[in-house]
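Student: Supplied in structure tokens, the structure appears directly below.
Readers should treat all values here as calculations from the given coordinates under stated rules, not as data from a laboratory. A quick note: this is a predicted structure, and the numbers were derived from the prediction, not measured. Glycine also receives a Cβ, built like all others from the backbone with ideal geometry; neighbour counts cover every protein chain displayed.
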Amino acid sequence: MAEGEEIYTEIVQSSLPVGRVKRIMKLDKEINKINSEALFVITNATELFVKFLAEKSSEVAIEKKRKTIKLEHLRIAVKRHQPTADFLLDSLPMPPPAQISAKTDRSRKISDNDSVPVGTRRIDSFFQKGP
């Protein structure tokens, strides 16, 4: 060691539980043993990847003026990053079908075409003003 040269050692602690990462890795039939250094690298790489996805999804949510990251934001973020889209897009669940928002539902006109069972009436008619 040269004079005046100092060695800095920093302990890097992952926020992901190493035991759980090891258990997930062992789900692969081809993996029998996992070296501690390899486990450390995989755990940190996984943490960085999750942070990357969270940041990109957060950017999409902010663009859409939302405070909560939803599946659709994650899908858009993955689509925008081609290397990630190549392997991850097919694994993400499809977003649920678009639901009618409460605002749209309230403004909907009641039509005579909406079928109700014989001898019953729509509850909407109870709340309407009229003769």
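Student: Between V41 and E10, how many nm apart are label points set 7 Å from Cα along the C-beta direction?
Tutor: Those two pseudo-labels are separated by 2.0 nm.
Student: Another one. Tell me, what is the FRET efficiency for V18 and E55 to the nearest 0.05, using R0 = 25 angstrom and their Cβ-Cβ distance as r?
Tutor: Values: r = 23 Å, r/R0 = 0.93.
So, using R0 = 25 Å, E works out to roughly 0.60.
Student: Tell me the label-point distance for the pair L27, R80, using the 7 Å Cα-to-Cβ offset, in nm and rounded to one decimal.
Tutor: With each label point 7 Å from Cα toward Cβ, the separation is 2.8 nm.
Student: Given the peptides 28-39, 45-56, arrange them by the average over their residues of other C-beta atoms within 10 Å, most packed first.
Tutor: On the way: 28-39: 9.2, 45-56: 13.3.
With the highest mean Cβ count within 10 Å placed first, the list reads 45-56, 28-39.
Student: Would you mind getting me the FRET efficiency between I34 and E72? Use the beta-carbon distance for r and R0 = 30 Å, nearest 0.05.
Tutor: Values: r = 35 Å, r/R0 = 1.18.
So, using R0 = 30 Å, E works out to roughly 0.25.
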